[in-house]
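What follows draws every value from the coordinates through simple rules; no lab data is involved. No experiment lies behind these values; they were computed from the predicted model shown. Every residue, glycine as well, gets a Cβ built from its backbone with ideal geometry; the counts of neighbours run over all protein chains shown.
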Amino acid sequence: MGVDLIFRIAAIGILVAVLNQLLIRSGREEQAMMTTLAGLIVVLLMVVKEIASLFETVKTIFKLN
Amino acid sequence: MLFKITGSLIVILSCTFLGFVLSADCRKRPQQLRDLQSMLQMFENQISYLSDVITEAFMRIGKVCRSETGIFFTGTVEILNEGRNISACMAWEQAVRQNIKKTALNKEDEEILFTFGKMLGCTDLEGQIKNIRLALDQLKHQEVKAEVSRNRNEKMYRSLGVLGGIAVVIVLM
């Protein structure tokens, strides 16, 4: 898994926050909301693999399969 | 590792450059609209006080102009001088169509120029002057709108370019 993923998610978070503020200040609020949602979706895509492997691990540990 | 760094630098630089180009376009538009208005004003003066021929008036105006919008006038003169027996209206329209990409003007400004060109050289002096006044009014309107749009968008495009480049690098690497 590595610390790499965490750093990337943090960087995307900062970027999305900056973009959000920038677009809101320029008066384009719908686009600000769109970039926030886009950032969320990107992070979700990055994380979904880890969640899948988490469920696998839980199943094998508790022998639930 | 080195490839990654150079690749990401190239992506960031190119996105920044793109943002700067869009921002510069936005910045130049009000100035070019102002120049276009002053040139049309000169044209009106030339034909009403000096009774000039269209080609000579355009040549003179095109030379005096400080920005890229003079290229419409010099382009029209070139097309007329090619001697294909084409009317002033068609020559102006062709010149505008060819050169609009070199300026920072957008579709609405182009429409105004086309409307102006349709009446060019087709009516008498009074008609020409009315036509010019109409075009001047519409351009003034566009200039006010462009100024507002510039205040909103100029900084935004620049920041958007840089941040977009960084976002691409982070997501893809």
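Data table
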{"read-out": "Chain A: most fluctuating residue of A:Leu40, A:Leu22, A:Leu54 per GNM, C-alpha cutoff 10 Å", "value": "A:Leu54"}
{"read-out": "Linear extension gain, B:Ala24 paired with B:Ile86, 0.36 nm per residue minus alpha-carbon span", "value": "18.7 nm"}
{"read-out": "In sequence order, calculated HN-Hα J values of the stretch B:13-27 (Karplus, 6.51, -1.76, 1.60; Hz; x Gly/Pro)", "value": "4, 5, 5, 4, 4, 4, x, 5, 5, 4, 5, 5, 4, 4, 6"}
{"read-out": "Number of Lys pairs (Cα under 14 Å; 8 or more positions apart or on different chains) in chain B", "value": "6"}
{"read-out": "Computed Kirkwood radius, in angstrom, where 1/r is averaged over Cα pairs of the protein assembly as shown", "value": "22.0 Å"}
{"read-out": "Burial order of peptide ranges B:165-173, A:43-51, B:65-73 (average beta-carbon count within 10 Å, highest first)", "value": "B:65-73, B:165-173, A:43-51"}
{"read-out": "Evaluated at q = 0.15, 0.18, 0.23 Å⁻¹: base-10 log I(q)/I(0), Debye formula over Cα of chain A", "value": "-0.59, -0.72, -0.91"}
{"read-out": "Positive dipole terminus of the stretch B:83-173, leading residue within B:Ala91, B:Ile166, B:Ala135 (C-beta point charges)", "value": "B:Ile166"}
{"read-out": "Surrounding net charge for B:Cys26, when Lys and Arg each add one and Asp and Glu each subtract one, Cβ distance under 11 Å", "value": "+4"}
{"read-out": "Cα-based Rg of chain B normalised by 2.2 N^0.38 Å, two decimals", "value": "1.33"}
{"read-out": "Rounded Å value of the spacing that divides the Cα centres of the stretch B:112-126 and the stretch A:20-56", "value": "53 Å"}
{"read-out": "³J(HN,Hα), Karplus 6.51/-1.76/1.60, whole Hz, each residue of the stretch A:47-64, x for Gly, Pro", "value": "8, 4, 5, 5, 5, 4, 5, 4, 5, 4, 4, 4, 4, 5, 5, 8, 6, 9"}
{"read-out": "Cut-off 12 Å between beta-carbons: net charge of the residues surrounding B:Leu113, Lys and Arg +1, Asp and Glu -1", "value": "-2"}
